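What follows draws every value from the coordinates through simple rules; no lab data is involved. If you're wondering where the values come from, they're calculated on a predicted model, not measured in any experiment. Cβ coordinates were reconstructed from backbone atoms using ideal geometry, including for glycine residues, and neighbour counts include every protein chain displayed.
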Amino acid sequence: MKNFLQKVEDFGASLQSTALLLVRLVLAYGFYEPAKMKWSNIDNVAQWFASMHYPLPKLNAYLAASTEAAGVVLLLLGLWTRLISLPLMVVMLVAIATVHWPHGFPAAENGFEIPLYYLVMLLVLFAFGPGKFSLDALLRRRA
């Protein structure tokens, strides 16, 4: 039994970089539409932010849209993964606190379920890095 458990553990460990790649790709896809929507009409986003009493709504609209767009590119490439994870986590925390929290947990009711999943996946990337299938790993090997 011990030998079998060790084989299962070794197999799971061998999938680490693949799992991190999949997390990065899922997150990049998840941030793509919100970034595209924000950039397609940044003035409406700023007005929406103002209606929720965000300070400096125009600046925050540009910051959120830029962070999400940069996240898409950097997560896809696995470049500066830990660095981009931090501002993306802030975006998710703000979204949870200001938009989704009043609706409860279920995604079907615009709750905080999906942003919470994104937040947890970003925390995993921050803690473990992008894995070996990334530009971060390539740059580290060349250094």
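So here's what we get for this one:
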{"item": "For T67, T81, T98, order by how many other beta-carbon atoms lie within 10 Å, fewest first", "result": "T98, T67, T81"}
{"item": "Dipole magnitude (debye, nearest 20) for the chain, charges at Cβ of Lys, Arg, Asp, Glu", "result": "600 debye"}
{"item": "Inter-site label distance for L138 and Q6 at 7 Å from Cα along Cβ, in nm", "result": "3.7 nm"}
{"item": "Whole-Hz ³J(HN,Hα) from phi, Karplus 6.51 cos²θ - 1.76 cosθ + 1.60, for segment 40-47, glycine and proline x", "result": "5, 7, 4, 5, 5, 5, 4, 5"}
{"item": "H103, H53 arranged by Cβ crowding within 10 Å, fewest neighbours leading", "result": "H53, H103"}
{"item": "Segment 49-65 - phi-based ³J(HN,Hα) in whole Hz, Karplus 6.51/-1.76/1.60, Gly and Pro as x", "result": "4, 4, 5, 9, 6, 5, x, 6, x, 5, 4, 5, 5, 5, 5, 5, 5"}
{"item": "Segment 69-80 - phi-based ³J(HN,Hα) in whole Hz, Karplus 6.51/-1.76/1.60, Gly and Pro as x", "result": "5, 4, x, 4, 5, 5, 5, 4, 7, x, 10, 6"}
{"item": "Residues with amide H under 5 Å from that of Y54, placed H, sequence gap 5 or more", "result": "none"}
{"item": "Residue order, fewest to most beta carbons within 10 Å, for R24, R141, R82", "result": "R141, R82, R24"}
{"item": "Debye log10 I(q)/I(0) at q = 0.11, 0.16, 0.19 Å⁻¹ for the chain, Cα point scatterers", "result": "-0.48, -0.87, -1.10"}
{"item": "Value at 222 nm in deg cm²/dmol, rounded to 500, when DSSP H runs of n ≥ 4 in the chain each add -39,500 (n - 2.57)", "result": "-25000 deg cm²/dmol"}
{"item": "For segment 3-62 versus segment 97-130, the gap between their alpha-carbon centres in whole angstrom", "result": "9 Å"}
{"item": "Distance-filtered residues of segment 102-134 - backbone nitrogen under 12 Å, label point 7 angstrom along L15 Cα→Cβ", "result": "none"}
